[in-house]
Amino acid sequence: LYWHRFGSLSNALREAGFDVPQRGERRDRALRQGASLAGRLGRLPTFTDWKRARARTPGLLSEWQVYRLFADGRGGGGWTAFRSTLGDRIKLPGG
């Protein structure tokens, strides 16, 4: 029913007054969180690094959320795209 009326669950939640971030905002959040994790690790995080960090930090996006945010929709590697984008944005020590 909500799909027919609002077009998506996100639109329905926005209409109900919830703050639902847009895809670009979620991507920026993933990159900020990734930069923070990379700073602690001293390198770009792997999928497994992210999973371990999330076990300790529940507010972190899940590794699968990050993957889907950066996947190209044709089965392209979301994690590879995330790491590439993150690497372009941050400067790690010794790099």
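Place +1 on the Cβ of every Lys and Arg and -1 on the Cβ of every Asp and Glu in the chain, take the dipole about the Cα centre, and give the residue among Leu41, Trp79, Ala12 whose Cα lies farthest towards its positive end.
With unit charges placed on the Cβ atoms, the residue in question is Leu41.
Ser84: accessible area at probe 1.4 Å, nearest 10 Å²?
Probe radius 1.4 Å; accessible area of Ser84 about 60 Å².
Calculate one ³J(HN,Hα) per residue across segment 30-39 by plugging θ = phi - 60° into the Karplus curve 6.51 cos²θ - 1.76 cosθ + 1.60, and present them in order as whole Hz with x for glycine and proline.
Result, ordered by residue: 4, 5, 5, 5, x, 5, 5, 5, 4, x Hz.
If you count, for each residue, the other Cβ atoms within 10 Å and average over each peptide, how do 22-32, 59-69 line up from highest to lowest? Each step should come with its number before you reach the end.
Details: 22-32: 13.9, 59-69: 16.8.
So the order, starting with the most tightly packed, is 59-69, 22-32.
Provide Trp79, Trp3 ordered by accessible surface of protein heavy atoms (probe 1.4 Å), highest first. Intermediate results must be reported in sequence, preceding the final value.
Values: Trp79 25, Trp3 150 Å².
I get Trp3, Trp79, largest accessible area first.
Which sequence of Leu44, Leu1, Leu37 reflects their accessible areas, 1.4 Å probe, from the largest down? Walk me through the numbers before you get to the answer.
Working: Leu44 40, Leu1 170, Leu37 5 Å².
Correct descending sequence by accessible area is Leu1, Leu44, Leu37.
The values are calculated or read from the model by the stated rules, or taken from the named source; none is laboratory data. Predicted, not measured: the structure shown is a model, and the values here were computed from it. Every residue, glycine as well, gets a Cβ built from its backbone with ideal geometry; the counts of neighbours run over all protein chains shown. Please note that ligands, DNA and RNA were not included when accessible areas were found on the heavy atoms of the full protein model with its side chains. Shrake-Rupley method; radii C 1.70, N 1.55, O 1.52, S 1.80 Å.
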